[in-house]
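Below is one structure, written out as structure tokens; the observations come after it.
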Amino acid sequence: MHEKNLKKYLNEIEQLSYDSRLPEHATLFKNKAIMSKMLWDVHYYNAKKFYKESNQPFDQPSSLEKNGYITGELNEKESLLLKEIFSSCKQIPLDPFEFSFDYFYEPRENLHRDMERVNNYFQPSEFFFNKFPELLDPLKILIEKENQFYWKVASCRIFEVKPVERTQGFHKDAQALGYKKLFFFPDGANKNIGSTNLIDKNGNEIIIDLKPGSWLLFENSLCAHQAYSSEDCVGRPTIEIDIMCDFITDTKLNYTGVNSWYPWFPVLDGGLKTNEKFDYDELYNRNLKRLAGLCNISKSDEYTFPCEMSDFYEVSDETFSIGPIKKDTIGPIKKDKWFKWFKWFE
Ligand SMILES: [Fe+2]
């Protein structure tokens with residue numbers, strides 16, 4: 001395969017129907033997820049460090065860091081606008097294959113079924129894109145201070161938690177730590193409407209109780225949580241704005257599909273031309289080669305200096321030569337526990 005077709009090829013794999021998937025495709029997904037976590041960890045650390053160094057002397061207490069969540073209320077005018085924005089979005093069936101190739105997505109069929117079972121989804125309207133910044137911009141500094149990083153919008157999602165007997169079960173999302181969830185509730189959140197149930201960093205179990213026009217920002221990969229619903233609930237409309245750490249804050253809304261969550265790699269195409277190997281496409285393609293197995297991370301019996309090796313491209317490598325796949329390495333009890341752990345979509 002010509003190396004330029006690698007991205008196209010991988011993109012096609014990710015769009016395959018469930019039945020057409022091969023075990024090798026899962027391997028590629030997993031490799032990508034591991035590389036993603038490594039890069040986001042480094043990016044998160046650097047973004048935090050940069051924020052603290054840019055705000056000296058640094059003495060900002062953060063309730064978000066202390067408790068794992070914060071809430072707030074919009075004013076009356078903003079609350080009305082929030083309702084208007086939600087109403088302008090039309091309900092649509094969930095399309096789990098609506099995601100950008102550059103973005104982390106939920107690939108599992110059983111999770112897609114669960115997402116449909118628990119939530120109704122809505123198409124973000126033009127009105128949403130035009131007017132939502134009026135609600136988000138005033139929160140810019142507060143969100144910076146609480147996160148102790150500058151931030152951008154990773155993704156948006158408009159949904160409603162349905163009245164259902166059970167939701168996902170408590171779980172942590174186990175995603176990049178520099179990525180957090182911000183929910184806006186046009187009708188509020190409580191036991192009658194539907195809410196979010198979380199265990200804060202001090203071990204307290206909380207059912208979020210907020211009036212119409214409120215918001216919740218929580219550390220979805222550090223605090224166990226689940227959507228709260230019951231058959232008697234009326235349904236909880238939600239506008240989800242997912243944020244990610246960066247070196248400058250930009251509240252511009254970013255939407256690349258209902259199942260797009262955050263960029264696999266903490267780099268976005270800014271159209272910036274740098275030089276040779278560091279333009280966006282070059283850099284991205286190089287990482288794809290690495291994760292596709294077109295690089296050697298192997299044992300060696302002699303030292304090499306970087307100039308003596310290429311770490312990303314070996315034409316003769318067989319991309320899909322894999323070892324035996326271990327099946328059922330997790331016992332039945334553990335498996336159930338892990339299953340709950342990773343049902344993360346709220
Ligand atoms: Fe979750």
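On the stretch given as region 59-70, residues that are surrounded by fewer than 17 Cβ atoms within 10 Å (Cβ to Cβ) and in contact (Cβ under 8 Å) with a residue 60 or more places away in the chain total 5.
Here GLN148 qualifies as in contact with a helix residue (DSSP H, G or I) (Cβ under 6 Å, 6 or more places away or on another chain), surrounded by fewer than 20 Cβ atoms within 10 Å (Cβ to Cβ) and at pLDDT 95 or above.
Scanning region 194-217 for residues that are hydrophobic (A, V, I, L, M, F, W, C) and within 23 Å of LYS140 (Cα to Cα) turns up ILE208, LEU210, TRP215, LEU216, LEU217. Out of curiosity, is ILE248 without any contact (Cβ under 8 Å) to a residue 60 or more places away in the chain, surrounded by fewer than 23 Cβ atoms within 10 Å (Cβ to Cβ) and aliphatic (A, V, I, L, M)? So ILE248 does not fit the description; no. Put simply, of LYS7, LYS48, LYS32 the only residue that is touching an Asp or Glu at 6+ places or on another chain (Cβ under 9 Å), of a type in the set (D, E, K, R) and surrounded by 13 or more Cβ atoms within 10 Å (Cβ to Cβ) is LYS7.
Residues of region 164-177 include at least one that is away from the ligand (no atom under 12 Å from the Cβ) and either within 19 Å of the chain's Cα centre (by Cα) or at pLDDT 95 or above (or both). In region 164-183, the residues that are polar (S, T, N, Q) reach residues that are more than 9 Å from the ligand (Cβ to nearest atom) and assigned to a loop (DSSP other than H, G, I, E, B) with C-beta atoms within less than 8 angstrom, at least six apart or across chains, in these pairs: THR167/SER229; GLN175/PHE104; GLN175/TRP261; GLN175/TYR262.
Scanning region 80-106 for residues that are touching a strand residue (DSSP E or B) at 6+ places or on another chain (Cβ under 8 Å) and of a type outside the set (Val, Ile, Thr) returns LEU82, PHE86, CYS89, LYS90, GLN91, PRO93, LEU94, ASP102, TYR103, PHE104.
Considering region 178-216, and only residues there that are of a type in the set (A, V, I, L, M) and within 14 Å of the ligand (Cβ to nearest atom), the residue that is surrounded by the most Cβ atoms within 10 Å (Cβ to Cβ) turns out to be LEU198.
Within region 223-241, the set of residues being more than 11 Å from the ligand (Cβ to nearest atom) and either surrounded by 18 or more Cβ atoms within 10 Å (Cβ to Cβ) or of a type in the set (Phe, Trp, Tyr) (or both) comprises TYR228, SER229, CYS233, ARG236, PRO237, THR238, ILE239, ILE241. Checking each residue of region 108-131 against the condition of being part of a loop (DSSP other than H, G, I, E, B) and in contact with a helix residue (DSSP H, G or I) (Cβ under 7 Å, 6 or more places away or on another chain) gives no match. For TYR280, the stated conditions hold: it is over 30 Å from ILE193 (Cβ atoms) and aromatic (Phe, Trp, Tyr). A residue that is assigned to a helix (DSSP H, G or I) and touching a residue at least 40 places away in the same chain (Cβ under 8 Å) occurs nowhere in region 88-102.
Taking the stated definitions as given, is ALA47 part of a helix (DSSP H, G or I), modelled with pLDDT of 95 or more and within 24 Å of LYS181 (Cβ to Cβ)? So ALA47 fits the description; yes.
The listed residues are ILE13, ILE85, and the only one of them that is closer than 23 Å to PHE122 by Cβ and in contact with a helix residue (DSSP H, G or I) (Cβ under 6 Å, 6 or more places away or on another chain) turns out to be ILE85.
Among the residues making up region 13-41, a single one is outside any loop (DSSP other than H, G, I, E, B), farther than 16 Å from LEU291 by Cβ, without any contact (Cβ under 8 Å) to a residue 12 or more places away in the chain and not polar (S, T, N, Q): ASP19.
The values are calculated or read from the model by the stated rules, or taken from the named source; none is laboratory data. Here the structure is a predicted model, which means the values were calculated and not measured. Here the Cβ is made from the backbone with ideal geometry for all residues, glycine too, and neighbour counts use every protein chain on show.
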